[in-house]
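Enquirer: Following this message is one structure expressed as structure tokens.
The numbers here are math on the coordinates, done by the rules we state, and not lab data. Nothing here was measured: the structure is a model prediction, and the numbers come from that model. Cβ placement follows ideal geometry from the backbone for every residue including glycine, while neighbour counts extend to all protein chains displayed.
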Amino acid sequence: MRLHFEEGERELLAARLGLDESADDTAISQAVADWVQQEPSSNDNSNTSDDTNASSNVDDVNATEGDVVIVDVSEFRRLRQRDRVAAEVEAATSRRDRDELIEEAITDGKFSPSRREHYKGRYDSDPEGTRALIGRLTRNTVPLEARGADVPTDEVDDTSYPNDWVPEVAARQGRGPSRVHGED
């Protein structure tokens, strides 16, 4: 049987089974098989439950019994997958919170939209500090609405310039551009 261990797990299991740290897979497998075949009364566990599957039930494991728990491989993979999914959800939630905070600050006029990426980078490196900084920024310091600009109208005084200077205006009015000076 070939055993697969993460870094440091082989030595830890060998020590818990009373084996030398340099024990090979065969020795560890045999020690685990011997340990599993022992009667419940001969185990060092203080759990005296009549349930023979007590070691497979995570809820029955007492934290003071040691630092190793033997778990079915499929259960272990399921737990690792749940950890990965939880990490992905946590990262997505953090990104959403960051983006909402920054968009709200832009809407409040605390900084311009061009600074969005800057504040995202800051938030990613120091979320608490960036939240505090954005909270201290003054609202409406960046004008986001056009102020003092005239509303353009289509009523333009066409007599200000000769038609050949602005042929687009003449074309819009349905008359061709006037003759260019010097053409006869």
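Enquirer: I want to check the label-to-label distance for Arg131 and Glu145. Put each point 7 Å from Cα in the C-beta direction and report it in nm to one decimal.
Expert: 3.1 nm
Enquirer: What FRET efficiency do you get for Val32 and Arg78 if R0 is 22 Å and r is their Cβ-Cβ distance, rounded to the nearest 0.05?
Expert: It comes out at approximately 0.55.
Enquirer: Related question: Among Leu79, Ser112, Val89, which residue has its Cα furthest toward the positive end of the charge dipole of the stretch 76-116, with +1 on Lys/Arg Cβ and -1 on Asp/Glu Cβ?
Expert: Leu79
Enquirer: Extension gain Glu168-Asp25, at 0.36 nm per residue separation less the Cα-Cα distance, in nm? Could the numbers behind the result be given before it?
Expert: Details: separation 143, 0.36 × 143 = 51.48 nm, distance 8.70 nm.
Working it through step by step, the gained length comes to 42.8 nm.
Enquirer: For the pair Val89 and Glu104, how long in nm is the line joining their label points, each one 7 Å along Cα→Cβ?
Expert: 2.3 nm
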